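The values are calculated or read from the model by the stated rules, or taken from the named source; none is laboratory data. Just so you know, these numbers come straight off a predicted model, no measurement behind them. Cβ atoms come from the backbone with ideal geometry, glycine included; neighbour counts cover every protein chain shown.
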Amino acid sequence: MARKMTRDNARAFYAVLAKNGPSPQTELYYTNPYTLVVAVALSAQATDVGVNKATAKLFPVADTPKKMVALGEDKVADYIKTIGLWRNKAKNVVALSKMLLDDFGGQVPADRDQLEKLPGVGRKTANVVCNVAFGQPTIAVDTHIFRIGNRTGIAPGKSPLEVEKGLEKITPEEYLMDAHHWLILHGRYVCKARTPECYRCSVSEFCLYKDKTPAAGVKPASALKKTDKKKKTSSKKTSSKTTAKKTKKTTIKMANKPKLKPTSKPNGAKK
């Protein structure tokens with residue numbers, strides 16, 4: 001069973017993140033709720049930096065559902081060719097724009113269930129939009145937050161939804177609104193996927209990750225423990241070998257030692 005952070009430590013965890021980043025913001029470029037939906041949908045399996053480069057040219061041309069539909073799928077694709085899965089994403093952007101016009105009067109709904117009906121919009125995207133555009137205390141679990149939830153023990157889970165529910169349960173109410181931003185930024189810049197930078201982590205004392213990464217040139221505590229264990233084992237083996245050798249030598253000496261014949265008693269000696 002995965003170890004889980006206590007509520008007290010979770011509160012302290014967020015308090016530190018809040019102190020270090022009192023006003024966290026999304027790093028995606030957007031100008032209104034509609035462009036936010038598009039930007040977040042485009043960010044699936046892509047970096048925010050890559051998406052921003054594409055939307056910096058796209059949004060000045062099409063920042064409303066009507067303009068995007070008029071632009072058309074082929075031209076939208078031209079703007080986002082640098083982003084992964086661009087063909088399918090271009091199709092979804094135009095399709096969700098049409099649905100917004102047909103079913104929502106061209107306005108982005110402030111409801112998660114309604115947002116998830118839009119092509120290319122899943123729970124994560126809907127949660128981001130609800131939080132950033134409409135000020136709702138939702139937590140969007142992306143790859144960074146999923147990793148942090150499990151690695152730190154603040155909300156372990158086997159699925160993004162399980163981690164999301166865990167975070168909603170353990171996050172103090174006063175931190176819910178910004179929790180998504182703090183966690184994603186922490187995962188992006190400190191608690192990285194391949195090599196977490198634990199040596200400069202401000203919340204490492206509350207984290208349950210065992211193999212904390214030290215600064216360059218310093219061995220992790222787990223490695224030192226293994227080294228000590230090996231030394232002890234090696235020392236025991238050496239000691240055992242030395243004792244065995246000594247015993248063997250003593251045995252050989254005893255075996256080679258000449259046997260003394262019993263002396264005969266002189267005649268007339270008393271018994």
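Could you check, for region 69-76, whether at least one of its residues is of a type in the set (A, V, I, L, M) and under 15 Å from THR55 (Cβ atoms)? The answer is yes, given that some residue of region 69-76 is of a type in the set (A, V, I, L, M) and under 15 Å from THR55 (Cβ atoms). Considering VAL141, VAL163, which residue is assigned to a loop (DSSP other than H, G, I, E, B), of a type outside the set (D, E, K, R) and surrounded by 18 or more Cβ atoms within 10 Å (Cβ to Cβ)? Answer to the selection: VAL141.
Please work out if LYS124 is assigned to a helix (DSSP H, G or I) and either under 27 Å from PHE13 (Cβ atoms) or free of Cβ contacts under 8 Å to residues at least 24 places away in the same chain (or both). Judged against the criteria, LYS124 is a match.
Scanning region 82-93 for residues that are aliphatic (A, V, I, L, M) and crowded, with 20+ Cβ neighbours inside 10 Å turns up ILE83, ALA90, VAL93.
GLN45 meets each of the listed conditions (1) in a helix (DSSP H, G or I); (2) out of contact with any helix residue (DSSP H, G or I) (no Cβ under 8 Å at 6 or more places or on another chain); (3) touching a residue at least 40 places away in the same chain (Cβ under 8 Å); (4) assigned by TED's automatic domain parsing to the domain that holds ALA110 apart from (1).
Of the residues making up region 171-188, those that are surrounded by 19 or more Cβ atoms within 10 Å (Cβ to Cβ) and either aromatic (Phe, Trp, Tyr) or under 19 Å from GLY157 (Cβ atoms) (or both) number 8.
Scanning region 1-22 for residues that are in contact (Cβ under 8 Å) with a residue 40 or more places away in the chain and part of a loop (DSSP other than H, G, I, E, B) gives ALA2, ARG3, LYS4, MET5, GLY21. Candidates PRO196, PRO220: the one that is modelled with pLDDT under 90 and closer than 30 Å to VAL141 by Cα is PRO220.
Within region 94-121, the residues that satisfy the criterion of being surrounded by 15 or more Cβ atoms within 10 Å (Cβ to Cβ), in a helix (DSSP H, G or I) and under 29 Å from the mean Cα position of the chain (by Cα) are ARG112, LEU115.
Filtering region 152-188 to residues that are basic (Lys, Arg) and farther than 16 Å from TYR14 by Cβ leaves LYS158, LYS165, ARG188. Given the structure, is THR55 free of Cβ contacts under 8 Å to residues at least 60 places away in the same chain, more than 28 Å from LYS158 (Cα to Cα) and not in a helix (DSSP H, G or I)? It is false that THR55 is free of Cβ contacts under 8 Å to residues at least 60 places away in the same chain, more than 28 Å from LYS158 (Cα to Cα) and not in a helix (DSSP H, G or I).
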